[in-house]
Amino acid sequence: MDAQLPSDLPADLPMDIAARLKSDLDLIPAIAQDATTGEVLMLAYMNRHSLALTLKSGRATYWSRSRNELWEKGATSGHTQKVLAISLDCDGDALLIKVEQVGAACHTGEQSCFHNPVSINPSAGER
């Protein structure tokens with residue numbers, strides 16, 4: 001666990017939130033969106049513990065699939081995410097997190113992780 005995270009935070013979700021999550025999920029896709037501009041900043045994953053930490057602290061805390069550990073966004077870079085709102089999707093298997101982003105959201109230094117446009121052939125779908 002990241003040494004920057006307080007140890008007194010709960011490991012369990014409030015019952016009302018846990019009941020709305022799809023029960024077989026180990027990882028929950030979490031979309032971070034700039035609360036002011038609406039820009040999609042990044043996609044990360046949460047587990048129940050990181051969601052509980054986020055709810056308690058108000059700071060976005062995710063689960064790193066590559067490092068297999070919790071990470072609080074910005075703990076080392078200073079590019080933090082203050083969580084202003086969280087919405088659960090209709091199936092209980094994805095989260096939308098509205099944040100106040102400080103600095104770049106992407107580890108590359110870009111404001112958004114979605115900075116690689118893909119060209120779409122406009123005639124491909126026409127018949």
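The values are calculated or read from the model by the stated rules, or taken from the named source; none is laboratory data. In this text the structure is predicted, and so the values were computed from the model without any measurement. Positions of Cβ are generated from backbone atoms using ideal geometry, with glycine treated the same way; all protein chains shown enter the neighbour counts. Protein only, heavy atoms only, side chains kept; ligands, DNA and RNA dropped before computing areas. Shrake-Rupley method; radii C 1.70, N 1.55, O 1.52, S 1.80 Å.
Things worth noting here:
- Among residues of segment 71-86 being in a strand (DSSP E or B) and in contact (Cβ under 8 Å) with a residue 40 or more places away in the chain, the one that is surrounded by the fewest Cβ atoms within 10 Å (Cβ to Cβ) is ALA85.
- Segment 17-41, residues that are in a loop (DSSP other than H, G, I, E, B) and without any contact (Cβ under 8 Å) to a residue 24 or more places away in the chain: SER23, ASP24, ASP26, THR37, GLY38
- For segment 42-56, filtered to residues that are in a strand (DSSP E or B) and farther than 19 Å from GLU110 by Cα, the residue that is most open to solvent (accessible area, probe 1.4 Å) is TYR45.
- A residue that is polar (S, T, N, Q) and open to solvent by 70 Å² or more (accessible area, probe 1.4 Å) occurs somewhere in segment 57-70.
- Residue in segment 87-110 that is part of a loop (DSSP other than H, G, I, E, B), in contact (Cβ under 8 Å) with a residue 24 or more places away in the chain, in contact with a Cys (Cβ under 6 Å, 6 or more places away or on another chain) and open to solvent by less than 70 Å² (accessible area, probe 1.4 Å) present: yes
- Any chance SER123 is under 29 Å from ASP26 (Cβ atoms) and part of a loop (DSSP other than H, G, I, E, B): no
- Set side by side, the residues LEU27, LEU95, LEU84, LEU43 differ, and just one is in contact with a strand residue (DSSP E or B) (Cβ under 6 Å, 6 or more places away or on another chain) and modelled with pLDDT under 95, which is LEU27.
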